[in-house]
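The values are calculated or read from the model by the stated rules, or taken from the named source; none is laboratory data. Keep in mind it's a predicted model, so treat the numbers as computed, not measured. For neighbour counting, all protein chains shown are included, and Cβ atoms are generated from backbone atoms with ideal geometry for every residue, glycine included.
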Amino acid sequence: MRNIEIAKTRENNFTICVDKIYLHSKYYPFKEAEKFIIENKDIYIDKKYVVVYGLALGYHVIKLLEKLNSNCKVYVFDFDNEVVKKCADIGMLNEIKKDNRVELFLDYSKGFPNKLQEKMNLVEDIIIYKPSLKCLPESYELIKSLFRSYELAKIGIQRFGEIAKENYKYNTNRRNYKISEFYSKYSFKDKPIVIAAGGPSLENTLHTLKSFRDRFYIFALGQTLSILVKNAIKPDAIVIIDPQEDVYELHIKGHEDLDIPLCFLSTASRWVVSNYKGPKYIFFNDKDKNNKDDITINTGKTVAVAALDIAVKSGTDKIILTGQDLAFINNKFHAGDEIESSLYNKSTVKVLGVDGKMLKTTSGMLEFKRNIENIIKDNPKVTFINCSKGARIEGTLEGDLV
């Protein structure tokens, strides 16, 4: 049972506290809302549509409406019925409803995510009122996950958007093989595919991978190529989605002449694409004019998901995950790294490990974990085996390589 309290503020307004989380200032909620809206001005200035998630008591919505022109349409989403009721009880919801620019979506139903996605497609960015997300019950983890994915994507666009655009322009203007041609040329149906991710536990499987190399196909994820080659393990495919120049400098340089197919996202590092001499196969994560295939590859913001989806679409019936730890193992996050004590000590997020113990991780890694689990859930005819030693991955069997 949630503890929800309404309290008076110094200005004789109201604030709300949900399980000790204040959704607005205890003192000056309108001033706080004004500051929040100003900080998000790039999202709504001169825009035809604005999408907001999180109603709370509506102070930020009222301040937003004061800033908008008369023709702007505002879509407000929230499905925390208990908080919405409190907003109605104090009269704030009725004030917002009086403005004909506002359309409210306040009842969670089966079609809610689709309606949210429909409105999000109208805008370049959305206003997320994070206190509303923070206080949601665990039963709404799916929606929390949706917004975490959105935030991760937004961070990625802000950091690498321009590089990705230049990569896309370069990659789509050169002659590359299509991903459908990759499937036509190479068959992976007679043996399991090992996805070699870069977590610390990869180090523990290198000897087995080398000793029983002929039992598997191996897909290297960019950063694991050099580790595998250093240990005399030649992968069957390389997958990259990262747009940065460093991908070439740190992971591919020195291995340009390998005769191994490189599968790369349309926005992946052009430095890798231009320097790699082996066969190159471009893939897309959506339908666009340059995607000549009927095939789109789900990337889920991480190369592991892209490699998983490529493996699934190859027709294999068994996929083995190794090094897919998604957590700190012995204070390390990546295979080959030194101990990362500072990052480990800062981490406050925990996840259940394959050994039944709780492991430290990051919120970003938890989101990648959910995206991996979605691929697994969507492909019930494929057996997924987790040989990693980090987080437990739902839908996988746990075991050793051999």
Note to self: modelled with pLDDT of 90 or more and more than 15 Å from the chain's Cα centre (by Cα): is that true of Ile297 in this structure?
What the structure shows: no
Notebook entry, point to check: Among the helices (runs of 4 or more DSSP H) contained in the stretch 168-251, which hold 1 or more residues that are touching a Phe, Trp or Tyr at 6+ places or on another chain (Cβ under 8 Å)?
Noted result: 179-185, 202-211
Note to self: With the requirement that a residue be surrounded by 13 or more Cβ atoms within 10 Å (Cβ to Cβ) and of a type in the set (Phe, Trp, Tyr), what does the stretch 19-44 give you?
What the structure shows: Tyr22, Tyr28, Phe30, Phe36, Tyr44
Check: Could you say which residue among Asp337, Asp355 is at pLDDT 85 or above and among the acidic types (Asp, Glu)?
Finding: Asp355
Next item on the list: All but one of (1) part of a loop (DSSP other than H, G, I, E, B); (2) charged (D, E, K, R); (3) modelled with pLDDT of 95 or more hold for Asp309, so report the exception by its number.
Entry: (1)
Notebook entry, point to check: Within the stretch 82-140, can you find the residues that are within 19 Å of the chain's Cα centre (by Cα) and on the phi > 0 side of the Ramachandran plot?
Noted result: none
Notebook entry, point to check: Which residue pairs have Cβ atoms closer than 7 Å, lie 6 or more positions apart in sequence or on different chains, and pair a first residue in the stretch 371-385 that is closer than 23 Å to Lys144 by Cα with a second residue that is at pLDDT 90 or above and among the aromatic types (Phe, Trp, Tyr)?
Noted result: Ile376/Phe384
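Just wondering, is there one or more residues in the stretch 12-20 that are outside any helix (DSSP H, G or I), farther than 29 Å from Glu138 by Cα and touching a Pro at 6+ places or on another chain (Cβ under 8 Å)?
Yes - at least one qualifying residue is present in the stretch 12-20.
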Next item on the list: Determine if the stretch 103-118 includes at least one residue that is closer than 19 Å to Ala33 by Cα and among the polar types (S, T, N, Q).
Entry: no
Next item on the list: Could you look through the stretch 45-69, keep only residues that are under 23 Å from Arg10 (Cα atoms) and among the small types (Gly, Ala, Ser), and pick out the one that is surrounded by the most Cβ atoms within 10 Å (Cβ to Cβ)?
Entry: Gly58
Checklist line | Whichever residue in the stretch 105-135 is under 25 Å from Glu66 (Cβ atoms) and touching an Asp or Glu at 6+ places or on another chain (Cβ under 8 Å) and, among such residues, is modelled with the lowest pLDDT | finding: Asp125
Next item on the list: Any residue in the stretch 212-240 that's assigned by TED's automatic domain parsing to the domain that holds Thr267: show its pairings with residues that are aromatic (Phe, Trp, Tyr) and part of a helix (DSSP H, G or I) at Cβ separation under 9 Å, as long as the two are six or more apart or on different chains.
Entry: Ala237/Phe182
Next item on the list: Check Gly222 against each of (1) surrounded by 20 or more Cβ atoms within 10 Å (Cβ to Cβ); (2) farther than 16 Å from Ile163 by Cβ and name the one condition it does not meet.
Entry: (2)
Check: Quick one: what pairs do we get from the stretch 34-58, first residue assigned by TED's automatic domain parsing to the domain that holds Asn81, second hydrophobic (A, V, I, L, M, F, W, C) and in a loop (DSSP other than H, G, I, E, B), C-beta under 6 Å, 6+ apart or different chains?
Finding: Tyr49/Leu122; Tyr49/Val123; Val51/Val123; Val51/Ile126; Ala56/Leu23
